[in-house]
1. Please determine, in degrees from 0 to 90 and to the nearest 10, the orientation of helix 167-185 with respect to the longest principal axis defined by the Cα atoms of the chain, where the helix direction is its Cα long axis.
2. Give me the number: length gained by fully extending residue 160 to residue 143, i.e. 0.36 nm times residue separation minus the C-alpha to C-alpha distance, one decimal in nm.
3. Working out 0.36 nm times the residue gap between residue 178 and residue 124, then minus their Cα-Cα distance, what length gain in nm do you get to one decimal?
4. Roughly speaking, what is the stretch gain from residue 98 to residue 135, that is 0.36 nm per residue apart minus the C-alpha to C-alpha distance, in nm to one decimal?
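No value in this document is a laboratory result; all are computed from the given coordinates. On a predicted model such as this, the values are computed, not experimentally measured, just so you know.
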């Protein structure tokens with residue numbers, strides 16, 4: 001209440017009514033009437049405790065604003081911690097991805113080296129198989145040539161013997177061969 005009186009005192013002191021001439025405390029003086037109405041208005045406000053109500057509303061509003069600020073601070077702190085957590089997770093995921101890429105590179109190089117070694121071994125096996133086939137074909141050709149030479153030699157010898165041998169000698173040779181066959185079979 002003292003605050004209200006102190007706030008109205010400058011209004012009373014600085015009133016333009018003091019500058020006017022004539023009696024101030026007259027109902028014909030508009031300045032006095034306005035001052036009187038203002039004082040009654042202020043009195044009614046004080047009587048109904050409007051300043052206390054306004055103060056209470058302002059205090060309630062200040063408390064609401066303070067609680068909103070506290071909530072905002074808490075949300076801000078929570079957002080910072082979540083951001084830090086996500087940054088840590090992102091860093092961990094990036095490190096894991098780098099490790100995976102590095103491992104994949106090492107495995108790819110190892111697989112390439114293994115493929116080269118396998119290819120060299122396969123080439124060696126194929127070369128060995130080709131050499132074996134060539135050797136086999138060569139041996140077969142030599143055998144065939146030898147068999148053919150033997151056949152030709154036998155045929156030539158047979159022709160030569162047949163030309164020089166008489167019929168009686170031929171019959172004797174045939175009978176000796178038949179006898180030899182009989183002894184071998186039994």
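1. 50
2. Numbers: separation 17, 0.36 × 17 = 6.12 nm, distance 2.47 nm.
Full extension of this stretch gives 3.6 nm more.
3. Working: separation 54, 0.36 × 54 = 19.44 nm, distance 5.50 nm.
Gain in length upon complete extension: 13.9 nm.
4. On the way: separation 37, 0.36 × 37 = 13.32 nm, distance 5.47 nm.
Additional length available on full extension: 7.9 nm.
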